[in-house]
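Peer 1: Supplied in structure tokens, the structure appears directly below.
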Amino acid sequence: MNIIELIQGLIQSWTIKPRKQNPIIYIPKKPRLQINIDTSKSRPWKGMIWHHTSVKDNIVLEDSDGVIAFHKSFRIDYVAVAPPVEKKNPNVEYIKYKNGEWYEKSKYDYWQNEFKKHELNKNDKRKFDPAWMDVGYQGLIEQVKDMMVFNWGRPLNMIGAHAGYSDFNKNYLGFCAIGNYDVEIVTDEVWQFALMTTRAFMDAFSIPVNEVIGHREVYDRQQIPRQKQCPGKLWDMDKFRREL
């Protein structure tokens, strides 16, 4: 460096002011549900689908057990006609189904007989559902008294039964917020707990925000008319994604 370059450098250092740096603002990490998510034997989930129930959440009692029992029931037109039994009566005959649950044989036989009639009669438009292997969702949330509760559903290595389409059941986790959000406003407690639950599973499976959808959006992706508004008309999925 010659004397001229040295003088020019000194002049620049005296006359040019350093750029003002923006202060570093600490933004705390948004809260996650503190839950042990074992990914070692899980399916490689790429998304999440939120659902709701057709009945309101009874905040005094825990409703998840009822939802699980309904999915494990034999159903006709969405009414359980042969639910699993928790406690056997020695005077009643039971049958063990492939899902490991016990059913009263008389109720099980009734469903089977009605189903056979349905198969033979083309004019019989009733909808028949056999008992599922487990509840359709991987997780359920609800308010019980003054606290929010998370309950596990299907194991993480089991394909779901919640989306109505096999590709989504295979690749998207299903979560149910108990409550009828077509008619009842989503409380802040439910909303925030659903966000916390979602963030925890997004972290565990590296799920991007755009793959967190409501059940109604499955129909949009299939390019067919929506058949339901799940997780509810009053559940704003765009706002939900923005707040993740």
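Peer 1: Restricting attention to helices (runs of 4 or more DSSP H) lying wholly within the stretch 144-244, give those where 3 or more residues are within 18 Å of Pro44 (Cβ to Cβ).
Peer 2: Ranges flagged: 166-171, 188-205.
Peer 1: For Ile35, state whether it is of a type in the set (Val, Ile, Thr), more than 30 Å from Lys116 (Cβ to Cβ), surrounded by fewer than 12 Cβ atoms within 10 Å (Cβ to Cβ) and at pLDDT below 95.
Peer 2: When the stated conditions are applied, Ile35 does not pass them.
Peer 1: Taking Lys116, is it more than 20 Å from Gly136 (Cα to Cα), of a type outside the set (Ser, Thr, Tyr) and surrounded by fewer than 18 Cβ atoms within 10 Å (Cβ to Cβ)?
Peer 2: Taking the combined requirement at face value, the residue satisfies it.
Peer 1: Might you check whether a residue that is closer than 19 Å to Val149 by Cα and modelled with pLDDT of 95 or more occurs anywhere in the stretch 56-64?
Peer 2: no
Peer 1: Here is a list: Phe150, Phe168, Phe128, Phe115. Which entry is in contact with a Leu (Cβ under 7 Å, 6 or more places away or on another chain), hydrophobic (A, V, I, L, M, F, W, C) and at pLDDT 95 or above?
Peer 2: Numbers: Phe168 fails: in contact with a Leu (Cβ under 7 Å, 6 or more places away or on another chain); Phe128 fails: in contact with a Leu (Cβ under 7 Å, 6 or more places away or on another chain); Phe115 fails: in contact with a Leu (Cβ under 7 Å, 6 or more places away or on another chain).
Among Phe150, Phe168, Phe128, Phe115, only Phe150 is in contact with a Leu (Cβ under 7 Å, 6 or more places away or on another chain), hydrophobic (A, V, I, L, M, F, W, C) and at pLDDT 95 or above.
Peer 1: Within the set of pairs 6 or more residues apart or between chains, which connect a residue that is assigned by TED's automatic domain parsing to the domain that holds Met48 and surrounded by fewer than 17 Cβ atoms within 10 Å (Cβ to Cβ) inside the stretch 224-244 to a residue that is at pLDDT 95 or above and of a type in the set (Lys, Arg) with Cβ atoms less than 6 Å apart?
Peer 2: Pairs that qualify, where the first residue is assigned by TED's automatic domain parsing to the domain that holds Met48 and surrounded by fewer than 17 Cβ atoms within 10 Å (Cβ to Cβ) and the partner is at pLDDT 95 or above and of a type in the set (Lys, Arg), are Arg226/Arg216; Gln229/Arg216.
Peer 1: Is it fair to say Val135 is modelled with pLDDT of 95 or more and either over 22 Å from Glu93 (Cα atoms) or touching a Pro at 6+ places or on another chain (Cβ under 9 Å) (or both)? Write out each step before concluding.
Peer 2: Details: modelled with pLDDT of 95 or more: yes; either over 22 Å from Glu93 (Cα atoms) or touching a Pro at 6+ places or on another chain (Cβ under 9 Å) (or both): yes.
Criteria met by Val135.
The values are calculated or read from the model by the stated rules, or taken from the named source; none is laboratory data. Note that the structure is a prediction, hence the values are computed from the model and not measured. Backbone-built Cβ (ideal geometry, glycine too); neighbour counts: all protein chains shown.
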